Amino acid sequence: MTTTAPSTALVMIQPAFTDAERLALAGFLAGYRGLTREAYALDLRQFTIWCRARSLGLFAVRRADIESFARELEARGRARATVTRRLCTIAGFYRYAVEEELLDHSPAAHVRRPRVDYESHAVALDRNELGALLVAAGLGPPCEHALISLLALNGLRVSEATGADIEQLGLERGQSRHGAGRIVRKTARRAGIAKTVTPHTLRHAFITAALDAGVPLRDVQEAASHAGPRTTMRYDRARGSLDRHATYIVAAYVAGAAR
């Protein structure tokens, strides 16, 4: 009986990226830092994984491939804003590659993006609910009080709050998103709030409360670390009110000057 010896021939494995693709990825991400860099890296990681599963090189991708990626995200239930952000990241990456003469043209230049509804549909807390939540947090452990305060009174994102260098927070960096969610839900129940409250709900409450209190849009934008005022305006529940409309304010200003 003869046995076949296992083959010792080397199997050539195609590298994840070409040198040009690797240079483009590193160069594009090097232009950003902090949470923006993390978000862009996540977007590109998901796109490159999708490409590799289909044996597509990053510089061999066509417009139709990118649009297929977007449609699959939508089919998996991703929000239109999330899909749009991923496509913007991809377009930025390819634009960078073209500018650095690593690629002749961008396959994402004319990719169709979902139409984004700029009205925020996040769960909202009114002033009484926000106050009750803060009272309940103050009666709880110091670490929970610190977390709720960072989210509701400072408008931090959950990643910013859980990454804060505060010993009393008691949460490990990068490992505490789910823990933060549990703390927020538990505190909301103690406050008698029946709504589904998440860490983002508290950030949302901070922004809407600031706008409702009359804090200028630009100041709220800076406090929330929004890239532009349009994002902040999504949270403005009173923007349809007549006395807040620019036309009304200009008319009142002119009328006052005419007296």
If you take the residues of region 90-122 that are open to solvent by less than 60 Å² (accessible area, probe 1.4 Å) and modelled with pLDDT under 90, which of them is farthest from Asp212 (Cα to Cα)? Val111
Of all residues in region 207-248 being among the hydroxyl-bearing types (Ser, Thr, Tyr) and at pLDDT below 80, the one that is surrounded by the fewest Cβ atoms within 10 Å (Cβ to Cβ): Thr247
Residue under question is Gly174, and the condition is that it be within 23 Å of Ala39 (Cβ to Cβ), at pLDDT below 85 and either in contact with a Phe, Trp or Tyr (Cβ under 7 Å, 6 or more places away or on another chain) or surrounded by 15 or more Cβ atoms within 10 Å (Cβ to Cβ) (or both); does it hold? no
Give the residues of region 146-171 that are modelled with pLDDT under 80 and hydroxyl-bearing (Ser, Thr, Tyr), sorted by residue number. Ser159, Thr162
Closer than 30 Å to Gly77 by Cβ, of a type in the set (Ser, Thr, Tyr), at pLDDT 85 or above and over 21 Å from the mean Cα position of the chain (by Cα) - does that describe any residue in region 194-206? no
Quick one: what pairs do we get from region 70-96, first residue closer than 15 Å to Glu21 by Cα, second in a loop (DSSP other than H, G, I, E, B), C-beta under 6 Å, 6+ apart or different chains? Ile90/Ala108; Ala91/Ala108; Tyr94/Ser106; Tyr94/Ala108; Arg95/Ser106
Members of region 23-38 that are open to solvent by 60 Å² or more (accessible area, probe 1.4 Å) and in contact with a Leu (Cβ under 8 Å, 6 or more places away or on another chain): Leu23, Arg37
Go through region 39-80 and count every residue that is among the aliphatic types (A, V, I, L, M), surrounded by 14 or more Cβ atoms within 10 Å (Cβ to Cβ) and in a helix (DSSP H, G or I). 7
For the list (1) aliphatic (A, V, I, L, M); (2) at pLDDT 90 or above; (3) exposed (fewer than 11 other Cβ atoms within 10 Å of the Cβ), I need the number of the one condition that Leu10 fails. (2)
Mind checking which residues of region 135-157 are farther than 22 Å from Val215 by Cβ and either in contact with a Phe, Trp or Tyr (Cβ under 6 Å, 6 or more places away or on another chain) or open to solvent by 30 Å² or more (accessible area, probe 1.4 Å) (or both)? Val135, Gly138, Leu139, Pro141, Pro142, Cys143, His145
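The values are calculated or read from the model by the stated rules, or taken from the named source; none is laboratory data. Just so you know, these numbers come straight off a predicted model, no measurement behind them. Here the Cβ is made from the backbone with ideal geometry for all residues, glycine too, and neighbour counts use every protein chain on show. For accessibility, only protein heavy atoms count, side chains too; no ligands or nucleic acids. Shrake-Rupley method; radii C 1.70, N 1.55, O 1.52, S 1.80 Å.
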